[in-house]
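As structure tokens, the structure follows; a few thoughts come after it.
The values are calculated or read from the model by the stated rules, or taken from the named source; none is laboratory data. Bear in mind the structure is a predicted one, so any value in this text is a computation, not a measurement. All Cβ positions, even for glycine, are placed from backbone atoms using ideal geometry, and neighbour counts span all protein chains on display.
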Amino acid sequence: MTESETLSGLLKRRHSCRAFLSDPVPDELVERIVTTAGKAPSWCNAQPWEAVVTRPAETDRLRIALCEHVQSLPTAAPDIAFPERYSGNHQERRRVCGWALYEAVGIEKGDREASARQMFENFRFFGAPHVALITTEAELGAYGAIDCGAFVTVFTLAAEAAGIASIPQAALAGYSAFLRNWFRLTSNRQVVCGISFGYEDVEHPANAFRTNRAPLSEVITWAG
């Protein structure tokens, strides 16, 4: 198998895991994944990403505290503004993904209570034993966040290659002030996202569906 085929295979196999086993991932394997992710490209090699990674006991403490915080203060206040809206193809892709998840876990259209419970699983980290909180330097602006996106992508692929499931979570960034305080981060660190990770619960219905990808005609425009 060529390196190109190996990469394509990893990308095809990787998916956002929404149910994890409680088994911890060994520290040395986590460090290997993060080391690989750190090889991602960045503007001027600034490497703005920093990752706070929780072990299981701390994950459980954070899970409880964050859920309580979100229930008491449900309005998100991210460091980096969330999208103003989704429209056109973006809205359609989002809708298809959402309904595929709801169908997999048995949520009927119009059941807002059940869909809200599923959304709240974000703050339980979908039962994952570990969370990596990814932050960037505020002074680097949008491009620091873009660089962190590259880090997150490589992290998820390195994890997949090691047999570890993951899900990047923008929802956690909605409570950046709480997380910055929890981890005693300096005020100049902006929360980009979290990555919940661990061993996949392959029997859980939430992991039974896969998202589709836009056709090439919607992605590439040739010039010249």
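So the values come out like this:
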{"read-out": "Lone qualifier among A57, A51 - being out of contact with any Phe, Trp or Tyr (no Cβ under 6 Å at 6 or more places or on another chain) and free of Cβ contacts under 8 Å to residues at least 60 places away in the same chain", "value": "A57"}
{"read-out": "Filter result for the condition that a residue is more than 20 Å from L11 (Cβ to Cβ) and within 18 Å of the chain's Cα centre (by Cα), over A138, A206", "value": "A206"}
{"read-out": "Members of the stretch 101-122 that are within 30 Å of L179 (Cα to Cα) and of a type in the set (G, A, S)", "value": "A114, S115, A116"}
{"read-out": "Residue in the stretch 121-132 that is in contact with a strand residue (DSSP E or B) (Cβ under 8 Å, 6 or more places away or on another chain), among the aromatic types (F, W, Y) and surrounded by 14 or more Cβ atoms within 10 Å (Cβ to Cβ) present", "value": "yes"}
{"read-out": "Matching option when the condition is under 18 Å from F20 (Cβ atoms), in contact with a helix residue (DSSP H, G or I) (Cβ under 8 Å, 6 or more places away or on another chain) and surrounded by fewer than 17 Cβ atoms within 10 Å (Cβ to Cβ), among F197, F209", "value": "F209"}
{"read-out": "Hits in the stretch 162-192 (condition: within 30 Å of G106 (Cβ to Cβ) and either exposed (fewer than 13 other Cβ atoms within 10 Å of the Cβ) or touching a Cys at 6+ places or on another chain (Cβ under 8 Å) (or both))", "value": "G163, A165, S166, I167, P168, Q169, A170, L172, A173"}
{"read-out": "Filtered residue count, the stretch 197-208, keeping only those that are in contact (Cβ under 8 Å) with a residue 12 or more places away in the chain and outside any strand (DSSP E or B)", "value": "7"}
{"read-out": "Matching residues in the stretch 209-221 - criterion: being among the small types (G, A, S) and either in contact (Cβ under 8 Å) with a residue 60 or more places away in the chain or not in a helix (DSSP H, G or I) (or both)", "value": "A214"}
{"read-out": "Selected residue [over 18 Å from the mean Cα position of the chain (by Cα), of a type outside the set (D, E) and either closer than 22 Å to D147 by Cα or assigned to a loop (DSSP other than H, G, I, E, B) (or both)] from G224, G194", "value": "G224"}
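For (1) at pLDDT below 95; (2) more than 22 Å from the chain's Cα centre (by Cα); (3) surrounded by fewer than 12 Cβ atoms within 10 Å (Cβ to Cβ); (4) not charged (D, E, K, R), each residue gets a yes or a no:
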| site | (1), (2), (3), (4) |
| --- | --- |
| L66 | no, no, no, yes |
| D79 | no, no, no, no |
| Q91 | no, no, yes, yes |
| G98 | yes, no, no, yes |
| E103 | yes, no, no, no |
| G110 | yes, yes, yes, yes |
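Residue-wise test of (1) under 16 Å from H69 (Cβ atoms); (2) in contact with a Pro (Cβ under 8 Å, 6 or more places away or on another chain); (3) assigned to a helix (DSSP H, G or I).
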{"residue": "E160", "(1), (2), (3)": "no, no, yes"}
{"residue": "I167", "(1), (2), (3)": "no, no, no"}
{"residue": "A173", "(1), (2), (3)": "yes, yes, yes"}
{"residue": "S176", "(1), (2), (3)": "yes, yes, yes"}
{"residue": "L179", "(1), (2), (3)": "yes, no, yes"}
